[in-house]
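These notes concern the structure reproduced below.
The values are calculated or read from the model by the stated rules, or taken from the named source; none is laboratory data. This one's a predicted model, so the numbers in the text were calculated from it and none came from an experiment. Glycine also receives a Cβ, built like all others from the backbone with ideal geometry; neighbour counts cover every protein chain displayed. Side chains included, ligands, DNA and RNA excluded: accessible areas come from the protein's heavy atoms. Shrake-Rupley method; radii C 1.70, N 1.55, O 1.52, S 1.80 Å.
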Amino acid sequence: TAGAPRAETCRAMVFLGLTRPTPASRRVAMDHGASRGYNYPEPHVGATRRAPHAPANDGVGGWRIADGPLASMPYARDATFVEIGRGAGDYARAKGMMRRWGHFQLGWSEVAPDTGVKEGDLVCVCANVAGVWIRNPLRVVYAEEAGP
C-alpha cells in the first residue's frame with residue numbers, strides 16, 4: 001500500500017506489522033476499512049441491536065443466543081452478563097471506561113482512548129499476537145445507553 005510503513009501487509013480488512021501501530025498507521029487502516037464498507041452482509045449490520053437485554057437472574061436459566069434473532073446468522077456468538085457494580089457512581093465509572101475503550105487497554109491489545117463511540121465513528125483495534133501487531137479497522141454501528 002502506498003505510504004504504508006515497511007514490513008506491513010494488507011490483506012482483506014486486517015493489517016499486519018512488526019512494530020506497535022502508530023497513529024498514522026492506524027489512520028491508514030481505518031481509512032481503508034471505511035472505503036471498503038462492512039465485511040459482512042448488509043442485513044447483518046446492527047443485528048445485535050435486536051437481541052434481548054440481559055436475562056433476569058432467576059436461577060432458572062435465561063435467554064440463550066440460539067433462541068434469539070441471531071440464531072440464523074453464520075457467526076460465532078457469545079453473550080456474557082455480569083454485574084460489575086451498583087448505583088450511579090459505579091455506572092458513571094463503567095461508562096467512562098467504555099468511552100475510553102478501557103476494555104481494550106490490556107497491554108497486548110488497545111484502541112486509542114480518544115476514539116469516538118458514536119454511530120459511524122471509525123475504530124482501529126490493535127492486538128499483538130505472537131509478536132505480530134494486527135490492526136483491525138472497524139466502525140461503530142450503534143450505541144445505546146441505559147441508566148443504572
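So here's what we get for this one:
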quantity: Segment Asp114-Val45, extension gain: residue separation times 0.36 nm, minus the distance between their alpha carbons; calculated: 22.4 nm
quantity: Highest-first arrangement of 92-104, 22-34, where packing means the average Cβ count within 10 Å; calculated: 22-34, 92-104
quantity: Area of Val45 that stays accessible when all protein chains are in place (1.4 Å probe, Å², to 10); calculated: 30 Å²
quantity: Extension gain (nm, one decimal) between Arg86 and His103, 0.36 nm per residue minus Cα-Cα; calculated: 4.3 nm
quantity: Formal net charge of residues neighbouring Asp31 (Cβ-Cβ distance under 14 Å; K, R +1; D, E -1); calculated: +4
quantity: Rounded to the nearest 10 Å², the accessible area of Glu145 at probe 1.4 Å; calculated: 110 Å²
quantity: Spin-label pair Arg27/Lys95, simplified geometry with 7 Å Cα→Cβ offset, distance in nm; calculated: 3.2 nm
quantity: Pair Ala143, Arg36: separation of 7 Å Cα→Cβ label points (nm); calculated: 2.5 nm
